[in-house]
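The values are calculated or read from the model by the stated rules, or taken from the named source; none is laboratory data. Computed from a predicted model, the values in this text were never measured in an experiment. Methodologically, a virtual Cβ is constructed for each residue, glycine included, from the backbone with ideal geometry; neighbour enumeration extends over all protein chains shown.
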Amino acid sequence: MIRIAIYGKGGIGKSTMTSNLSAAFAYMGKKVIQIGCDPKADSTINLLGGKPLLPVMDYLRENDEEPDSIEAIAKEGYGGVLCIETGGPTPGLGCAGRGIIATFSLLEDLRLFETYKPDVVLYDVLGDVVCGGFAAPIREGYAKKVLIVTSGEKMALYAAGNICSAVKNFEDRSYAKVAGIILNSRDVEGEAAKVEKFAQEKGLPIVARIPRSGDIIRFEDRGMTVIEGDPELDVSKCFLDLAARLLAQEETEAEE
């Protein structure tokens, strides 16, 4: 099973990257779960026709008891991708990271992975701060690898550096490791060179280069990923190529 946590600065396009990658895996016939780990709870919206999903934390606030089935807090979207959103506390109250911890505990109680038996699990995680809750996907062994989304913008690269440092703190515990960088282009001056320099300094590969594309915006306005909208587009092929590369890596590692 492929288990990847996708981190990056808020607003850098993590949800776009994650949902399109989920759609790419689904397009290739894989059984996928996407878990949005952000209080905004909008990670999966473009897999669900533009319709927001009830976050787990909202469900727990509105009900006296935990759900007795995964269907109460999850919904299948494009290609059968099972979508889950952790959500967060009431705005201004509580710790957003605790929403992730509470959700993961609930998913264990519901035996999600044993029951659903996914080929791929993707976690879309806020990466401005990698505190206890937001670090849960890498710290508790839920994810095996980390991909960092960045552009060539200064603050995006700064956040990416913080994420690398946070993951490094766990490297002696056999937790998830950073497997590469996704360059989500913003067309800033010297962008490719800046990200290439960062990747070289960190000893990481750039696993995908996603061009700035009006097609992404066009289909997101319709509540879709570009994979669903038109898998033959050049930008769609970037996500399909990344999915194929990750599958090949998983097969190689399984043989070792």
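Within the stretch 32-47, work out how many residues are in contact (Cβ under 8 Å) with a residue 60 or more places away in the chain, over 15 Å from residue 78 (Cβ atoms) and either hydroxyl-bearing (Ser, Thr, Tyr) or in a loop (DSSP other than H, G, I, E, B) (or both).
2
Yes/no per residue for (1) over 13 Å from residue 8 (Cβ atoms); (2) surrounded by fewer than 20 Cβ atoms within 10 Å (Cβ to Cβ); (3) modelled with pLDDT under 75:
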residue	(1), (2), (3)
137	yes, no, no
142	yes, no, no
158	no, yes, no
170	yes, yes, yes
174	yes, yes, yes
177	yes, yes, no
183	no, no, no
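From the list 177, 237, exactly one residue is more than 19 Å from residue 152 (Cβ to Cβ) and in contact with a strand residue (DSSP E or B) (Cβ under 7 Å, 6 or more places away or on another chain). Which is it?
When all the criteria are applied, what remains is 177.
Hey, residue 235 hits all of (1) free of Cβ contacts under 8 Å to residues at least 40 places away in the same chain; (2) more than 17 Å from the chain's Cα centre (by Cα); (3) over 21 Å from residue 78 (Cα atoms) but one; which does it fall short on?
Of (1) free of Cβ contacts under 8 Å to residues at least 40 places away in the same chain; (2) more than 17 Å from the chain's Cα centre (by Cα); (3) over 21 Å from residue 78 (Cα atoms), only one is false for residue 235: (3).
Please count how many residues of the stretch 13-31 are in a helix (DSSP H, G or I) and either at pLDDT below 95 or of a type in the set (D, E, K, R) (or both).
Count: 1.
One line per residue, one yes/no per condition, for (1) over 24 Å from residue 17 (Cβ atoms); (2) surrounded by fewer than 18 Cβ atoms within 10 Å (Cβ to Cβ); (3) among the β-branched types (Val, Ile, Thr); (4) in contact with a Phe, Trp or Tyr (Cβ under 9 Å, 6 or more places away or on another chain):
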residue	(1), (2), (3), (4)
34	no, no, no, yes
45	no, no, yes, no
56	no, no, yes, no
59	yes, yes, no, no
62	yes, yes, no, no
65	yes, yes, no, no
69	yes, yes, no, no
83	no, no, no, no
86	no, no, yes, yes
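Quick one: is residue 177 more than 18 Å from the chain's Cα centre (by Cα) and either over 21 Å from residue 4 (Cβ atoms) or of a type outside the set (Phe, Trp, Tyr) (or both)?
The answer is no for residue 177.
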